[in-house]
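Computed from the coordinates by the stated procedures, all read-outs in this text should not be read as laboratory data. Remember, it's a predicted structure, so these values are computed and weren't measured experimentally. Cβ coordinates were reconstructed from backbone atoms using ideal geometry, including for glycine residues, and neighbour counts include every protein chain displayed.
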Amino acid sequence: MLIPYDVHSSLEQFRFRLLEDKHTNNFFQIHRHDYYEIVYITKGNVKFTIDFKIYNLEENTIYLIKPGQIHQWIEDDFNNKCKGYIFHFMKDFFLYDEMINNLFDNVSNPIIKVNNDSKNNINSLISMIKSEYGVYNKLTTHLFSSIIEYLLRLKQSKENLSFKDNRIYLLIGLIEQNFKEEKSALFYANHFELTTKRLNELAKIHIGKTVSSLIIDRNITEIKRSLIYSKSSIKGISEKLCFKDIAYFSSFFKHHTSFSPIEFRKFKIKQIDSP
């Protein structure tokens with residue numbers, strides 16, 4: 001069984017639920033979907049995985065999940081003392097795509113801290129959305145668009161800026177665009193007209209990782225996604241991600257995960273199928 005892909009109907013461009021609602025077992029299963037998701041924790045904390053990385057979801061914090069990302073609530077850590085909202089939406093819900101592109105870019109940290117001033121305004125907008133929810137109208141679109149504008153403002157504040165050097169944002173974006181074809185740190189160093197040593201120094205200062213580590217991490221994430229929710233063969237995944245041959249691909253994956261691709265696929269699918 002592969003991870004089900006939860007798909008919005010064309011008439012369901014926006015929906016939200018309370019975190020403290022009663023949830024079925026399906027809620028806690030590893031999953032992905034074709035729409036955007038914003039998780040807003042207003043009280044308490046809970047653990048959550050996004051693309052195999054565990055996040056401790058904290059109070060007064062926003063978490064952004066893009067379409068296709070694999071994620072899962074940690075049921076053992078989940079309790080009704082944690083409160084907040086989960087928003088699901090499609091781009092078509094908005095009048096302009098640009099605000100969603102800017103909020104869900106491939107570079108920024110998917111975590112936004114909400115300060116007290118913004119919290120009061122965002123909570124007021126959510127209260128207004130609640131009163132309009134269930135009847136689609138332009139007012140709901142404008143209210144939620146206002147929340148997105150607040151999040152964009154917060155994202156650009158000093159409190160939320162992850163990197164002080166703009167080249168780091170550019171580097172992560174460049175890796176996102178080229179990680180399949182370009183797996184050498186030299187390619188990225190040449191782009192910035194820097195030596196590999198100097199670019200590694202910058203990456204270590206701002207991210208704590210070398211450029212090679214960032215490239216490897218992005219490839220491993222993509223391999224894991226493909227192994228779990230695609231029907232492609234190991235050879236097909238290897239070719240899609242531009243590895244020179246299947247032997248090297250398997251060796252690369254096992255070196256960085258301790259699993260062979262086949263072992264990882266079987267292990268994760270078994271986890272998904274377990275009650």
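Straightening the chain between Leu170 and Ser127 buys 11.7 nm, computed as 0.36 nm per residue apart minus the Cα-Cα spacing. In this label model, Thr49 and Lys240 are separated by 2.0 nm, measuring between points 7 Å along each Cα→Cβ vector. Between the amide H of Thr42 and those of Asn60, Lys83, Gly84, Tyr85, distances stay under 5 Å, these residues lying 5 or more places away or on another chain, with hydrogens modeled in the peptide plane.
In this simple spin-label model, placing a label point 7 Å from the Cα along the Cα-to-Cβ direction at both Glu75 and Asn26 gives a separation of 1.5 nm. Cross-link check: pairs Lys138/Lys158; Lys47/Lys83; Lys47/Lys81 evaluated at a Cα-Cα cut-off of 22 Å; pairs beyond the cut-off: Lys138/Lys158.
For the range 5-155, the gyration tensor built on C-alpha atoms gives a rounded shape. Its axis ratio a/c (a ≥ b ≥ c) stays under 1.5.
Mean residue ellipticity, 222 nm, helices only, the chain: the sum of -39500 (n - 2.57) across DSSP H runs of n ≥ 4, divided by residue count and rounded to 500, is -14000 deg cm²/dmol.
Backbone amide hydrogens, once placed in the peptide plane, bring Gln69 within less than 5 Å of His33, excluding anything fewer than 5 places away on its chain.
Taking Asp117, Asp97, Asp165 as the candidate residues, the one with maximal mean-square fluctuation in a Gaussian network model of the chain, Cα springs under 10 Å, is Asp117. Please work out the FRET efficiency for the pair Leu186 and Leu95, using the Cβ-Cβ distance as r and a Förster radius of 35 Å; give the result to the nearest 0.05. The calculated FRET efficiency here is 0.20. The GluC sites (Glu not before Pro) of the range 171-275 that meet both conditions, a loop assignment by DSSP and at most 12 other Cβ atoms within 10 Å of the site Cβ, are Glu181, Glu193.
Per-residue Karplus couplings for the range 179-189, computed as 6.51 cos²θ - 1.76 cosθ + 1.60 with θ equal to phi - 60°, are listed in order as 4, 6, 8, 10, 10, 9, 4, 4, 4, 6, 5 Hz, Gly and Pro entered as x. Taking a ≥ b ≥ c as the square roots of the eigenvalues of the alpha carbon gyration tensor, the range 164-275 is prolate, as a/c is not under 1.5 and a/b beats b/c. For the chain, the gyration tensor built on C-alpha atoms gives an oblate shape. Its axis ratio a/c (a ≥ b ≥ c) is at least 1.5, and a/b is not larger than b/c. As a length-normalised measure over Cα pairs under 8 Å and 6 or more apart, the relative contact order of the range 166-273 settles at 21 percent.
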